[in-house]
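Scroll down for the structure; my scribbles are underneath it.
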Amino acid sequence: MNRQQLQNFLRTTDPEALELLWLTADGMRRCEVGDAIHLRGLCEISSICSRRCLYCGLRADRQIKRDRMSMSEILRAAEKAVELGYGTIVLQAGEDPALSREWVAQVIKLIKDSTDLAITLSLGEQSNETLREWRDAGADRYLLRFETSNPELYRRIHPDSKKGRNRLDQLWAMHEMGYQVGSGFMIGVPGQTENDLVNDLLALPRLPLKMIGIGPYLPHPDTPLGQHPELYLAPPEDQVVATPLLVWKVIALARLQVPKSNIPATTALAVLDEQEGRKLALQRGANVVMPNITPAAQRSLYDIYPSKGRAEAAEQTSDAMTTFDDQLKRDIASIGRTVGTGRGDALWSWKEN
Ligand code: 5AD
């Protein structure tokens, strides 16, 4: 889709145009990746972070209680994922210096030795040496959002970006190493304009991506962006505001931009619209859900954005996790879809594109 077409869809309030967008995205999803919804168990292994991203509640400056899971806790979470029938575990954390190359490689090997799970890492910016070692240890996929395609906005909200290497370089390097690579962006970050959002969508098919994660920016009151948005906002007529409708539009457009990719209905969207967020995303282009399998104690510390706890409250204990899982599987059946079996790898070889 070209710039003008993307812009038209982002702006439209015409019910017929919207209906056309939803039907086209849902049809494309069905043709290209089928009716199965893949479930990925999300395990938040450390809430410790050395970075100070202006939007994120885990930023290093905050004096909050943080913790890191032990190897055996992570292995128990992996068993839980297997028990629930998930094909993938996602290991996510802040950039915690104590998550060393060797330690993470060991965790990957232990999970691979004891399960058939695919392993997705979401551990932030890392060196090529580290990424290669984790890949050799058995990691299958890596998630690293580019957050925004506007370099100036990117620099403003990531004050300690590493010099000489950016996230796009890392995405390409990981692709070369044989990872299935995922990326994406936030919608509604203070300073983001509609033009930026169009560029974010245009960037997707130019990157070697098999997974695309898109969610609304949710202000965290104890961060610079949450406390002083007025210092960062674009002029009112240009500033993107994340409404559920806009997020659904962007997910639908992402499906049309990159038809064969795996696209999750993100938790941030489920927080923004607790009633319909997830379900309508799945009917408007998305084909993946990432239920949280982090043990309660650690999860309550993983405070990226507010009310995350509330949307996931039902998942808190192991029993409640099972209840959440039952409900999710019922919801999936109620919209005429099936629960994915196996690892749910992306089918698409980017080079064929
Ligand atoms: N609102 C929404 N998403 C956020 N993330 C971090 N902070 C926030 C926030 N306040 C997202 C980022 C990151 C992912 C793990 O969580 O896009 O890549």
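Read through the list (1) within 14 Å of the ligand (Cβ to nearest atom); (2) touching a Leu at 6+ places or on another chain (Cβ under 6 Å); (3) not hydrophobic (A, V, I, L, M, F, W, C), then give the number of the only condition that Asp67 fails.
Unmet condition: (1).
How many of the residues making up region 143-200 are assigned to a strand (DSSP E or B), touching a helix residue (DSSP H, G or I) at 6+ places or on another chain (Cβ under 7 Å) and within 13 Å of the ligand (Cβ to nearest atom)?
So the count comes out to 4.
Suppose we filter region 214-226 for residues that are within 7 Å of the ligand (Cβ to nearest atom), surrounded by fewer than 22 Cβ atoms within 10 Å (Cβ to Cβ) and small (Gly, Ala, Ser); how many remain?
Going through region 214-226 one residue at a time, the tally reaches 0.
Being within 16 Å of Val181 (Cβ to Cβ) and hydrophobic (A, V, I, L, M, F, W, C) narrows it down to one residue among Leu91, Leu84; which is it?
Leu91
Here is a list: Ile119, Ile111. Which entry is part of a strand (DSSP E or B), surrounded by 16 or more Cβ atoms within 10 Å (Cβ to Cβ) and without any contact (Cβ under 8 Å) to a residue 40 or more places away in the chain? Break it down stepwise before answering.
Working: Ile111 fails: part of a strand (DSSP E or B).
After ruling out the rest, the residue left standing is Ile119.
Among the residues that make up region 238-247, is at least one of them crowded, with 23+ Cβ neighbours inside 10 Å and within 15 Å of the chain's Cα centre (by Cα)?
Looking through region 238-247, at least one residue is crowded, with 23+ Cβ neighbours inside 10 Å and within 15 Å of the chain's Cα centre (by Cα).
What residue, of Ser122, Ser100, Ser149, is small (Gly, Ala, Ser) and over 30 Å from Val250 (Cβ atoms)?
Of Ser122, Ser100, Ser149, the one residue that is small (Gly, Ala, Ser) and over 30 Å from Val250 (Cβ atoms) is Ser100.
With the checklist (1) surrounded by fewer than 24 Cβ atoms within 10 Å (Cβ to Cβ); (2) touching a residue at least 12 places away in the same chain (Cβ under 8 Å); (3) of a type outside the set (A, V, I, L, M, F, W, C) in hand, flag the one item Gly182 doesn't pass.
(1)
Is there a residue being charged (D, E, K, R), in contact with a strand residue (DSSP E or B) (Cβ under 6 Å, 6 or more places away or on another chain), closer than 18 Å to Ala286 by Cα and within 16 Å of the ligand (Cβ to nearest atom) anywhere in region 205-213?
No; the residues of region 205-213 include none that is charged (D, E, K, R), in contact with a strand residue (DSSP E or B) (Cβ under 6 Å, 6 or more places away or on another chain), closer than 18 Å to Ala286 by Cα and within 16 Å of the ligand (Cβ to nearest atom).
The numbers here are math on the coordinates, done by the rules we state, and not lab data. Predicted model, so just to flag it, every value in this text is computed and none were measured. When we count neighbours, we look across all protein chains shown, and the Cβ atoms used for this are built from the backbone with ideal geometry, even at glycine.
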